[in-house]
Amino acid sequence: MACRICSGRLHPFADFGRQPVSDAFVLPGDTGEEFFFDLAVGVCESCAMVQLLQEVPRERMFHEGYPYLSSGSAVMREHFRSLAGRLLATELAGPDPFVVELGCNDGTMLATIAAAGVRHLGVEPSGGVADLAEARGVRVRKDFFEAATAASILAFDGPADVVYAANTLCHIPYLDSIMKGVATLLRPGGVFVFEDPYLGDILERASFDQIYDEHFYLFSATSVRELARRHGFDLVDVERLPVHGGEVRYTLARRGARTPSPAVAELLAAEEAGALTGPQTLRDFAGRVAGIRDSLVDLLTGLRARGATVYGYGATAKSATVLNYCRIGPGLVSHICDTTPAKQGRLTPGSHIPVRGPEAFAAPYPDYALLFAWNHAEEIMAKETAFRDAGGTWILYVPDVHLV
Ligand code: SAM
Ligand code: TMP
Ligand code: ZN
């Protein structure tokens, strides 16, 4: 198996078996028609990029019915409002600035840019969420970003001061085409800023549910610097972010255009000192993951034997890996509550647990709630205090199985 970035040799280190498309919530009558693939992850011995061994065709994941909404979390809405404000005050402060966002989804970030009257374009292949962005006054091109898209944006709009992507770049196996596109589109002094789940946090927390079809790459400063280098860019800044269980925001600029911040060398040094992708680190991760699976299944099986009720909270894409790897179905978790309209009334992919709206999480509460949206724990626990007041107990499985 060859690395998608550099053709180097890949070393597999964790295997989650047969998995469905993580966001393909299925109608009860359509369960015979699901698509499955083998979910396993490996590291490149040459460029250290961690990546999936099998790719799901992009149209199976991102289409008219793609259900995920960026606006589903108050913390994320504030995160993107604040980032937009920072871009407006810095990179977009010059005359007639232009920003392009890849994977703008429902326009949560670009709505602030549009409200400021700044030239912008969201590139978003999933039609349903792109319509929501347009309804908020965001200018959207319904397309997959790649080298050809970039050339046509450049011809129409001119060069961009900023290309930005959140939780999107790591979803794209064909990064060669993306990097060529960014190199075409970006103004000479412009920046490419993207933020994605950080490999260091995933390994430290054993958050194996960050591994699913859409998360094709798990980035580190080491692998991103090499990716940048191959395409004529420097990694000029890194910023650790607390959202989504731990992310890094990477800033790339054309080679020699900007002086890298000290944070870059610091993170690179920490990755090297901690042997981030060393064989022992990856073996430890795989061992912890198997341990979490066994503890979680033991706990849920014991609760069922005692007649306790267990709901799930947050029908996340991440939960597909947990449910299908641990073989947890409606016998162990009766249903999952989620605020996303396009997930409600459907079944979780592969594991077929019914998804219901947030109104289903109310008195009489279940005895236990398994928190699949653990990355939003603070926000969710703050609004669901009545659950614990009524004697309910949260089950978490990151960084290990524990009760709260
Ligand atoms: N940026 C938002 C956020 O952080 O909440 C949305 C992230 S969502 C997980 C990933 C988005 O990337 C989806 O809306 C998907 O349709 C979009 N996407 C996938 N491939 C893409 C591509 N080649 N170009 C632009 N967007 C893409
Ligand atoms: P994410 O972890 O990929 O952001 O997905 C979070 C999921 O959890 C998404 O389907 C929305 C759902 N959710 C709720 O149901 N209630 C909440 O309060 C929050 C923050 C998320
Ligand atoms: Zn490689």
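The values are calculated or read from the model by the stated rules, or taken from the named source; none is laboratory data. Keep in mind it's a predicted model, so treat the numbers as computed, not measured. Note that each Cβ is placed from the backbone with ideal geometry, even for glycine, and that neighbours are counted across all protein chains shown. Only protein heavy atoms, including side chains, enter the accessible area calculation; ligands, DNA and RNA are left aside. Shrake-Rupley method; radii C 1.70, N 1.55, O 1.52, S 1.80 Å.
So the check is Cβ under 9 Å with 6+ separation or different chains; which pairs have a first residue in the stretch 57-76 that's among the charged types (D, E, K, R) and a second one that's more than 8 Å from ligand 1 (Cβ to nearest atom) and open to solvent by 50 Å² or more (accessible area, probe 1.4 Å)? From residues that are among the charged types (D, E, K, R), the pairs are Arg60/Phe35.
Results for (1) more than 30 Å from Arg230 (Cα to Cα); (2) more than 16 Å from ligand 2 (Cβ to nearest atom); (3) free of Cβ contacts under 8 Å to residues at least 24 places away in the same chain; (4) surrounded by 14 or more Cβ atoms within 10 Å (Cβ to Cβ), shown as yes or no for each residue.
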{"residue": "Ala2", "(1), (2), (3), (4)": "no, yes, yes, no"}
{"residue": "Glu34", "(1), (2), (3), (4)": "yes, yes, no, yes"}
{"residue": "Asp38", "(1), (2), (3), (4)": "no, yes, yes, no"}
{"residue": "Glu45", "(1), (2), (3), (4)": "no, yes, no, no"}
{"residue": "Leu53", "(1), (2), (3), (4)": "no, yes, no, yes"}
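Taking each residue of the stretch 305-323 that is assigned to a strand (DSSP E or B) and looking for partners that are of a type in the set (Ser, Thr, Tyr) with beta-carbon atoms closer than 6 Å, six or more apart or interchain, yields Val310/Tyr368. In the stretch 5-13 there is no residue matching the filter, namely being assigned to a helix (DSSP H, G or I), more than 16 Å from ligand 2 (Cβ to nearest atom), basic (Lys, Arg) and open to solvent by 30 Å² or more (accessible area, probe 1.4 Å). Residues in the stretch 167-194 that are touching an Asp or Glu at 6+ places or on another chain (Cβ under 6 Å), open to solvent by 10 Å² or more (accessible area, probe 1.4 Å) and in a strand (DSSP E or B): Arg187 alone. Condition check for Pro197 on (1) part of a strand (DSSP E or B); (2) open to solvent by 10 Å² or more (accessible area, probe 1.4 Å); (3) in contact with a helix residue (DSSP H, G or I) (Cβ under 6 Å, 6 or more places away or on another chain); (4) within 21 Å of Ser70 (Cβ to Cβ): one failure, at (2). Starting from residues that are more than 9 Å from ligand 1 (Cβ to nearest atom) and crowded, with 23+ Cβ neighbours inside 10 Å, keep the ones in the stretch 126-139 and report whichever is farthest from Ala111 (Cα to Cα). My answer is Ala133.
Against the definition (within 30 Å of Glu204 (Cα to Cα) and of a type in the set (S, T, N, Q)), how does Thr309 come out, yes or no?
no
When Val355, Val398, Val404 are checked against the criterion of being open to solvent by less than 10 Å² (accessible area, probe 1.4 Å) and among the aliphatic types (A, V, I, L, M), a single residue qualifies: Val355. Scanning the stretch 227-249 for residues that are within 21 Å of Ser46 (Cα to Cα) and either assigned to a strand (DSSP E or B) or more than 23 Å from the chain's Cα centre (by Cα) (or both) yields Arg229, Arg230, His231, Gly232, Phe233, Asp234, Leu235.
What about Ser82, is it within 16 Å of ligand 1 (Cβ to nearest atom), open to solvent by 10 Å² or more (accessible area, probe 1.4 Å) and under 26 Å from Val138 (Cβ atoms)?
Taking the combined requirement at face value, the residue satisfies it.
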